[in-house]
Each structure stands twice: as structure tokens, then as C-alpha cells.
1. How long is the gain from Y231 to Q170 if the chain were fully straight, where each residue apart is worth 0.36 nm and the alpha carbon distance is subtracted?
2. Full-extension gain between E279 and L945, please, as 0.36 nm times their residue separation minus the C-alpha to C-alpha distance.
3. Note down the nm distance, to one decimal, between modelled labels 7 Å out along Cα→Cβ at F529 and at L251.
4. Which trypsin sites (Lys or Arg not before Pro) does the stretch 583-687 hold that lie in a coil by DSSP with at most 12 other beta carbons within 10 Å?
5. Each label point is 7 Å from the Cα along the Cα-to-Cβ direction; what then is the distance between the points at S208 and D634, in nm?
6. I'd like the distance separating the alpha-carbon centroids of the stretch 618-661 and the stretch 391-423, in whole Å.
7. Compute the orientation-averaged projected area for the stretch 153-305 from the convex hull of its Cα atoms and round it to one decimal in nm².
8. Compute the length gained on full extension between Q298 and T188: take 0.36 nm times their separation in residues and subtract their Cα-Cα distance, giving the result in nm to one decimal.
Amino acid sequence: MRVGSSTHPGEDSLTLSAVKEGSSTHHSGTTQPHHTGTTQLHHTVTSQPHHSNGHTDLYKGCEDRETPVSSTNSTHCCTCCLHTQCVQRHPKVQAVMGCFLQKFDNFLNRSFYRLGHVIASHYGYFIIVPIFLTAIFATGFQRIRYEDDPEYLFSPTTGFARNERAIIEQNFFLNFSSDFHPSRLTRTGRFARFIIMAKDGGTLLRSSVWNDIILLDRLAHSVGVQLGHKYSRYEDLCAIWDGKCYENNVLDLQEFMPEVEAGTFDITYPFMLNPNTFETYLFPHFFGGAVINSSTVQSVQALSIFYWLRTNTPTEDQDAALWEEALLQAMDGRDFGEITVARFVSRTLETELENNTNSVVPFFGVTVTIMVVFSVTSVMMGDWVRTKPWLGLIGVVSAALACVTAFGFLIYLGVEFIGINMAAPFLMLGIGMDDTFVMLAAWRRTRLQDSVSERMSQTFADAAVSITITSLTDMISFFIGAITPFPCVQIFCLYTGTAVLVTYIWHITFFGGCMALAGHMEHGQRHGFTCRKVKPKSEAVDDSCCYRNWCTGGISKSDPWNPQDNKPHAFMLFFKNYVARLLNIPAIKALVVMVFLIYLMVACWGCTMVKEGLERRRLSRDDSYSVDFYDREDQYFREFPYRVQVAITGDLNYSDPETQRDLMELHLKFENMSYVAGPLYTESWLRAWLGFLERNQDYLGINITSEADFCANLKEMYLSGPANPFAQDVRFNEDETKIIASRFIVQTHKILDANADKDMMEALRQVALDSKYNVTVFNPFFIYFDQYVLVRTTSIQAISLAAGVMMVVSLIFIPNPLCSLWVAFSIISIEIGVVGYMTLWGVNLDSISMINLIMCIGFSVDFSAHISYAYLAAKVDTPEERVEECLYALGLPILQGGLSTILGITALILAPSYIFITFFKTVFLVIFFGAMHGIFLLPVLLSLLGPGSFSKRKPKDITPPSKAHGHPFFVHGQEISPNHIDPNSLKIPRPHSVTAVHNGAAGSQVGPVAMGRSGPFLASGANGMLASNKDDSNSLEKDLGLGTSGEESSESSLSKGVTTRRGGPDVVNGTAGRPGLPILEVYSNNGYISDDMEAEERRAQERRLDRYGEWEDPRRSYHVHRSSADYSSSRALHQERPRHSSSRERSVQRSESSIARYTTSRPSSEPRGRHRDFH
């Protein structure tokens, strides 16, 4: 969510010392100014610029203090904040921080102010160049390299399992072509697995059911693929054990099924010896849901069988993958009689990741349609010239172009593309529309009567800085995620972070150029849809009703300040007049805090129930065939799930009895664990060899006293012969006189869920770590289980780092520790809420949700930081007024931005994928909680415990008019001595329209109205004099239509039918028999600006020239609207002004030049008032 502040570069207020000098006399009520009357006039006028600077408002508390600044203490103040109370505590730190923040803020504002002017002047280049670059980088998609290996993507690169596998593979080699055994696997390889159940849910130990199982086995053996000129079946591709395919020997029970049904043959559990072939059956590996009675199998609910394939070479691996695909096709839609089959192959995870990507592609069109409709309707207005429907569409196009550009750029750099990246375009649409709403809101806050260049400059100075801050926080959040050890998180965050960066650049350039083009259309009175010229509402009174309702808008060139053409924005006023005022009610504040506490308690309760790890079934689509397989596996095959290898490496003397005792104790430690089934299921060559020696030592007379004899006898007498699995568990040195590595296999027991997987793995590793030997434990699934161990710590580290960086960024742009503290509080609160409620919503803490939690940091800053900044910068006194101001400025943008982001990801919930549904759930939670914090909670907390929360409303101090002179004239409550200005010669001009002058029109000139000593000018209620203070000047500014937008002008008295400043009458008394007229008729507001406001504009222009230099001031074009005499005199004045290094010297120089203007007499034919003849 993006929100903007109202900062206007080039219009700095006078130094606070001058402000205090100018205001001291006003507050004291004395009639004599502190200095001469002319000097006091300068101080008073320049202390109230036309537009206040946003960063100046941060130090408003300094300005409001009544303690004057002494000359002795002023030397301790920095140039940014001259009040001594600002630096009483830690003055050096405050001074340095104040200067840095001020300069940095000024730099950003100046830079974007100039950029806006450049874009307005050359918008064609900024539109064409981004489109051209997008077309170039889009060609990178032809070089896309898709990565779908689940082991690589979802296992941490820093996990222990990778090192453990390296140790196993370094010492032991599994040959799929001769000595394959599944207990010795280090990689899953290529395989197919079936879990078979009876259709009626009964036992599988029936002849009819077992016959269908045999038919299924024959189908698997008959499936073949065309490999070159050869048609290969399973027998040609299978893994070899004992010279033939590794078969499921449990299927040989078919010959005993009639006897089993008759009850004349018992199947013993867990082992059974075939009475005919003497082959051993290990039933826990095959039977699931078995009912055992006195070691006899009564019934079996599920049967698991494997088909292993050779993968020694890349060619064999490719051929095996083709066979797996052919097997799945052969089984698809087939009826297997009395059984149901859940199938799974090694490529299932890879295929499901690809299917996840494809499942979300059809919803791109739906999402784009939703975003286009929402964006177009959100930017619509009743004014058909000021409405910007095409810019709403272009905002969506800009985000899409940026996403294509970023993806193409990274693909050119060789970064792998993964399926999760398909969620990034949905996020970019939401983020891009946030930027669109902020820039359009800033455009609407500019003054309608200004030129397009000026409005673009002010828009960029206002909105571009905000977009920069929020894009920076989002980008940092994603790039922090790119340093996590999870490759899927790294790749996604790299793509998304780059897309955020390009989206920001494209919105500044491409969208900015389109906005400038739309601004020129608005300036030319063209319809927002049809682009045809139309009339303003004030000039279409005599046209048809249809034309007035659908074809009018803009402002009148002859009367640009007409209230009929400056309508308020209803939604912005709604947040100020209803939401904010409701939140200021003490009972509502208590209710908000109570609801927040309930929210926080439920979230904390949810955090205690967090489940860690990404289960494999959640990588599949909801409608995938593999989901049934995972469900059956979890239900029936969790009692004996994994065979774990325990390897011992290093320099050991296995012939030493002490070493043998230590190793057997190590066996017992593993077997006595709660996660291990016991010695009955352990495969140990050492235990078997020592048992063999114990039974046959006297008979054979084997000598094993030396290590060489031990190894020679072991190899010759026990490890030799075919089909000996123990031969793969011992590694000798080159001359076979020493054992350098050995291993044994243990069986895990009752590992019921993912948390048990993690606990089992950590417990086994701890036993290995406590051993005095180099012990390594490993199972191929440990690669996946490592994420369960690291996901919590990695998430905490990444979130903490991101939150810390976000708080530093917020402190830079919100230089108030209390506000920064509330920003940090909001970040923590939102993160706790997301973690707690996503757990209650069925989302685990895994690599997918970790991406979203890191992303949530940036989104939470978007809402909280800018609400705090707006509250701090509000130009009001009481907390209640600050709440109204911040919600008036930000309530609607927060609502629009939150809705745009949620709508951008709504289509993800339609995808049958846990990955994308998780994205929707977490992003929805963070946006919803962030918006609720920004609109309701933060304003309440800031009003209770924020800056100025204990301040009271200050009474308005209106200085009464002085009676020292017969006809004095007052400006902002300060008296001007008649020695400098003759009241008899004061005239108020009636100039022509500002807009007409800008457009080259002649404009009607009206003679000035003289204000002499005789004849009352104003009503007698004010004794013929006009009193004013700071508040009155602000109201006058609004009354004259000087608000920065139609929304702000809605607050003026002009829009309410009142045309005079407060304190003055509504009717001007007639003179010489002329009846009294309303001031609205005497001063038709036809470009009229009072003397004091004109002085403010002149001071602002001087400050621009002083900051930028005349040669680089984007607003110097106003000279063309002035007469040649005025231009030459102004030019000469600026040429004579020296360049000062001190800001105080510059203010003194401005004071002298301003006094000169007020004291220089003019010819009697020249009006004494001022025309607003520049922007």
C-alpha cells in the first residue's frame, strides 16, 4: 500500500528564528513592532508560505513553543531546527540527525520535482523507451531454464543431510545394475510404487483379491517404451539383485491364499519363511493395517509394492523416466477388479510442481479482468475531464510490462525459473495498482489552475518519494529472503524483488509519461473517455441533461475558481467526517483497543500451535492422483516408515575387542530409542559376524587377533558369495588389510507425522554426535526433513532482520522515536497475527509460508509508517484533529491499495494448489491486518500515546485592530506604519483570469477600487479595518480557491457560499449613493489574490530561485507571462543578488529585497494591488 505526504520542494519556510521574531509582537499584543514596520511586515508575511513543507511540519512542535529563541543559545542549534529545546537532550545527536534527515528529504523532493517537470515536457520518450526495453527483455523467455527438482528446491542448502549423504556416497556405492538393495539407497532414484486396497474395504488375504493383485503386477511388467529401435519393458530397465530384477517376493503368497482362507495356513508376523523356497518375507515393509493375533496375521488392509529401475547412467535415468510415464498412462482410468490402486512414481513430485504452475495460468485472464475493472472504477469521478479511466488501465499494463521485463532480465542472467514464480505477477498487479492510486491521489491534490508541468512536478514531489520508500521496503524484504538457505525461497524472492524494482521504475517513467499525457488532455478540456473537448459544468447550464451528466467537466477558463467546477471527493471526506470523528469518541477508542487485545490473544494462541515443514502431499494439486497415495501411506505405513543407515568412519581397529564392545553399545543406544523398532529389524554385519564367530570359533579355528587377519577372514568367509547385502556395508582400504568405513541399518518405528519426522532425525543425530567415533546417520528423506529443522530459525532470523531494516528505514523518514516505536509495534503485531491466524487457517510454517512472512514485513511498513508520518506531520494542534487529518489524507488510499492487492491475488484461491492457496491466505491476512491497523488501531494509539497526545486545543488569538492611526492597514495582524505606505493610495485591483492569461487570452481588466480616508469600504462592524491572524490567512487561501485540489477546496468557505474572510462582513457598503453589494459581486474572484498572499507567492518564488538558481528552476517559465518591464526589473534584481553560503544571510537578503518592493513608490497610474500573473 502506498501513501503520500504533501511536500512541496522549493518553498521552504523562513528560519524559525525569523518566525519567532515575527510572531512575538503578534502574541504580545503590542502596537509597536519589534523592528521597523517594514521589517516586521517581511517577517510576518514570509512566515506563512503558500504551501507548507512536509518536513517543516515535523518540527511544528518547536514553532508552537512560546519560549523565544535567544541569541546566545541559537549557536547551539543546527541549521535544520534552530530552537534550543530541540537539542536540549543529546544536542549533538539531535543536530546531526536533524540535518541529515532534512537534507535527505530535501534532496528527494528536489530530485523528483525536477523529474516531474522533465517527464511533463518529454512524456513521449518516457512512454516509448520502457515499451522498447520490455520488448527486448521479453525475448529472454526463449532461453528459460525450468527447475522442478523438489529435492533441490525445498531442501536447505545448509542442511546436515547433504553432508551426511556425501559421507555415505564417498564410502559406499550402490550399483543398480548388480547389487541393488533399497535399504542402502542414498537417493530415491527411479521407481514406481503401488498401495493396494480392496474395494469393499475388507482384507486382502483372499484368493479373488490376490488374483487381481497378480494381474496388476503383470501389467506393470508388460509396460514398455520405444527406445530408439528397441522396445524395452520393465525386465529391460529394472534394478538388478542376484542377477534378476528386484521383485516383490510377497506376491508369492498367492499359492497359499486358498489355505489362508480355509484357516489351514498361518502367516506369521513380522517374518515368515516360505516352506517351499525357503525365502524370507519381511511383512512390515509390505503390509499396512495388519491385524496380528499371537504373531499370526488375521487381516491386511493395504499392500505396498515397489518397482525399481536402473539409474547408474544419465541414459538409464532418462529411459526409466519414460517408463514411469508410460506406466501412469497405462493405469489411467483402468478398472482393476476387486482392488483399488494408489500409484506414485519418482517423477510425481516434479510433475506436480509443473502442474501447479499450469493450474494458475488460466486465472491470469480473470485476475487481469478484475484488476482492470477495479482500477478503472476506482479512479472514476463525476467530473468527466478530471476522471482518469485510461490511467487505471495503464496502471495494470505498467505492472504487467514491468513483470515481463524483470523476468526476462533474470532469465538472460541464467537464473532458474520455478513454478512458484507464477504468483509474482499477481503480487505485482496489486503493488502496481497501489502506486497508481497514490500518484493519482497526489495529482488530484495539485491545483487545477496550474500548468501541467507544475502539477506533474508537485505530483512527483508528493507521491514519488512515498512510492520510493514503500518500494524500497518491499524490495529489501524480498532480497533478504534471497539470502535464506532454501533455493525455492531464494529464486522466488530474487524474481519478485527484481520485479518490484522494475515496477517502481516503470511507474515513475512509463506511467508518469502517460499521466503527463492525461494531464495535457485535462488541461485541454478533453473528455476522459472520448478525448473530445467538452464544456465545464458552469458553462453547460443551458445544455441538455444528458450532456451535463456525461460530457462536462474541468474548470472554466474565464472563472477557474468557480465552486461548481471544484467539487469535493466524497470518499476522502467520509474518512474525515465520519470514520475519524467516530474514532475520536472515547468509548469507540476503548472498543478498538479491546478488539485489538482479543485479536492479539487469539493470535498468540495460534502461534503456540504452529506446525513446521512442507509435507510432500502439499506439493501436489488437490485433484492429483498422488493425494490418495499420500493419504493411504500416512494411514497404513507410518508404523515402520524408514530404514536409516548408521555409518562409522575413521581409524578403527575392528579386531580390538574393546572397539567391538563400543560398537555394539552404539548399536544398543540406537535400538533402545523410542523411534527405533529394536534389534529384530536391524541389519548389522558386525553383530552377525561376531555371532558367527561365537558359534563356529571352536569348529573353524579362525584367527582374528590381528586386524589384517580379521579383514581377510571377514571378506573370505562372510562377505563373499552372491546376493549378500552385508558385502555393501564394509569398505576396505586398497590392500584390504584395514576397514576404513562400515555401516548398519536400523528400522524406525511409529513416526506418525511431520513433527515426529523431525524429532526422530534430530534424536538419531544426537546419538551419533554423542558417540566417541565418527558416526553418521542418513536416510534419503532426511534431505526433506532438514527444512523442518531450519524453517523456524531461518524464518525468525529473516523476519527479524527484515523488521530491523524496516524500522531503520521508517526512522529515517519518520524522525520521531515514538512514532518509530509504534511502527515497530505494528510490524510485530501484524507478524504475530499472520503467524497465529494462518496456523488456525491450516497453513504450516514451511518454505512457502516463510516467503510470505518475509514479504509481510514490507507490506506492514507500507501502512503503519505512513499513517504515523501523516499523524506527525499534521498541521493541527490536538490529537483529535491529527486523527482527522491523517485519515483524510490516507484513509482512501489505504482502502484502495488494500483492495487492489487482495483482488490481485483472489484468483489464486481458485487454483487447486496448496502453494498458491497459501499465498492467498497469508497475503490476505497481512493486507487485512495491515489495513485494520492503519485505519483503526494506529490512529487510536497515536492519539492516546503518540506525539502531542496530551496537548490541548489552543484558543485562537485574534489581534484587535489598532486605533493609533485614522486609517491603518493590517497584514496578518501586524500594523504597517503610514510613514511607509500611504493608506489613501491603497487600491485593490480586479485583474483578469489567471488561466486566460496562461492561455494567451486577453482577459478583461477591471479598474481598481480606491480605498481612501473618506467613505467606508467595509462594514462599520470592523471600524473599516481588516484584522487577520494565521488561521484567517489560511481560510482566505481556501476562500480564494488556492487549495491544492478539488478535494481540499471543498473545505473552503467558497464552496459553501461564503466569500469573505472570517472577521469581515459579507456586504460592502455603497458609496456616493450606490447601493451595497455582496463582496462576491464586488470581487468576482476572477483571478483576485490579496496583497499578503501575493507576497507569499513572491517569497516562495525567491526561495525557489535561491535554492535551484534561476537557470535550473523548473518554474522559471512564469516570466513569459509578465510584462517586459517587470521581467527586466526582476531579472536585474536577481542578477544583483550575491550567492551566500549561510541560510541566515540568504534570509536577510530576501528581507531587504522584500522591503524594497513594499517601500518603492509606483506611478499613480499603476495599480497598488498585485495580479497573480504566474503559477
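1. Gain in length upon complete extension: 18.4 nm.
2. Gain in length upon complete extension: 231.8 nm.
3. The two pseudo-label positions are separated by 7.0 nm.
4. Passing both the DSSP loop test and the Cβ count: no residue.
5. Roughly 3.3 nm, to one decimal.
6. The stretch 618-661 and the stretch 391-423 have Cα centres spaced 41 Å from each other.
7. Over all viewing directions, the stretch 153-305 projects a mean Cα-hull area of 13.0 nm².
8. Fully extending the segment from Q298 to T188 adds 36.3 nm.
Coordinate-derived values only; no laboratory data. All values derive from a computational prediction rather than experimental measurement. Using ideal geometry, Cβ is built from the backbone for each residue, glycine included, and neighbour counts are taken over all protein chains shown.
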